[in-house]
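The values are calculated or read from the model by the stated rules, or taken from the named source; none is laboratory data. Please read all numbers here as calculations on a predicted model, not as lab measurements. No Cβ is skipped: glycine too gets one built from the backbone with ideal geometry, and neighbour counts run over all protein chains shown. Note: areas computed on protein heavy atoms with side chains; ligands, DNA, RNA excluded. Shrake-Rupley method; radii C 1.70, N 1.55, O 1.52, S 1.80 Å.
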Amino acid sequence: MSLTMTAQTQSPPDEVRLARQAISSAEAFAELYRRHVTRVYRYHMAHTGNVKDSEDLTSQTFMAALEGIRSYRGEAPFAAWLMGIASRKRALFFRGTRPEVQIEAADQIPSPGLLPDQEAGQRLQLESVSRALKQISPDRAEAIILTTFGGLKYAEAARLLHKSEAAVKMLVSRGLQDLRERTSLALEVER
């Protein structure tokens with residue numbers, strides 16, 4: 001059984017244009033919202049394990065993005081900028097407490113095109129990963145969550161974690177090794 005973890009490798013080329021248009025166009029911001037709401041919600045769900053809190057944090061993330069859209073310069077992918085906001089909202093929410101990571105809840109938004117038996121299999125895999133994530137270091141768990149559920153590249157996650165890209169690669173690699181030791185799943189990261 002294999003759970004493949006992927007990250008979006010490149011921001012769509014029109015996102016800088018959309019972000020600039022979103023300064024004055026609700027439709028442009030709505031398109032950015034549609035593209036990224038799932039990743040932001042899953043990121044928050046992975047940290048809170050609670051639908052209401054995840055929805056509130058997702059809403060706060062997008063409200064802050066709308067208010068700060070003028071500050072997006074296009075130097076990094078929009079997803080990385082947005083996940084930085086999500087990370088700050090999460091930090092404010094927990095204010096020094098260590099949240100429980102519940103990955104099975106982060107996948108409550110069904111993936112399009114999955115058959116019921118595939119979705120059930122995926123949920124079983126995620127439950128096993130969730131139990132294992134609670135047993136590894138918080139830094140390793142956060143690096144895995146950002147690159148998996150947040151869909152960030154290593155370099156983007158490194159900026160958010162204030163670490164080098166090599167350090168994030170090492171956190172993910174060692175975190176995945178920890179997860180392999182704690183689960184029967186063959187975990188892979190595609191880049």
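Is it fair to say residue 68 is modelled with pLDDT under 65 and of a type in the set (Gly, Ala, Ser)?
When the stated conditions are applied, residue 68 does not pass them.
Can you tell me which of 32, 92 is crowded, with 16+ Cβ neighbours inside 10 Å and either part of a helix (DSSP H, G or I) or among the charged types (D, E, K, R) (or both)?
32
Got a number for residues in segment 143-162 being open to solvent by less than 30 Å² (accessible area, probe 1.4 Å), of a type outside the set (S, T, N, Q), under 20 Å from residue 37 (Cα atoms) and outside any loop (DSSP other than H, G, I, E, B)?
The qualifying residues number 6.
Of the residues that make up segment 103-117, is at least one among the aliphatic types (A, V, I, L, M), closer than 20 Å to residue 84 by Cα and either modelled with pLDDT under 90 or surrounded by fewer than 19 Cβ atoms within 10 Å (Cβ to Cβ) (or both)?
Yes - at least one qualifying residue is present in segment 103-117.
If residue 16 satisfies all but one of (1) more than 17 Å from the chain's Cα centre (by Cα); (2) open to solvent by 30 Å² or more (accessible area, probe 1.4 Å); (3) farther than 18 Å from residue 156 by Cβ; (4) hydrophobic (A, V, I, L, M, F, W, C), what's the number of the condition it fails?
Among (1) more than 17 Å from the chain's Cα centre (by Cα); (2) open to solvent by 30 Å² or more (accessible area, probe 1.4 Å); (3) farther than 18 Å from residue 156 by Cβ; (4) hydrophobic (A, V, I, L, M, F, W, C), the lone unmet condition for residue 16 is (3).
Can you tell me which condition residue 75 does not meet? The list is (1) open to solvent by less than 30 Å² (accessible area, probe 1.4 Å); (2) out of contact with any Asp or Glu (no Cβ under 9 Å at 6 or more places or on another chain); (3) not in a helix (DSSP H, G or I), and all the others hold.
Against the list (1) open to solvent by less than 30 Å² (accessible area, probe 1.4 Å); (2) out of contact with any Asp or Glu (no Cβ under 9 Å at 6 or more places or on another chain); (3) not in a helix (DSSP H, G or I), residue 75 comes up short only on (1).
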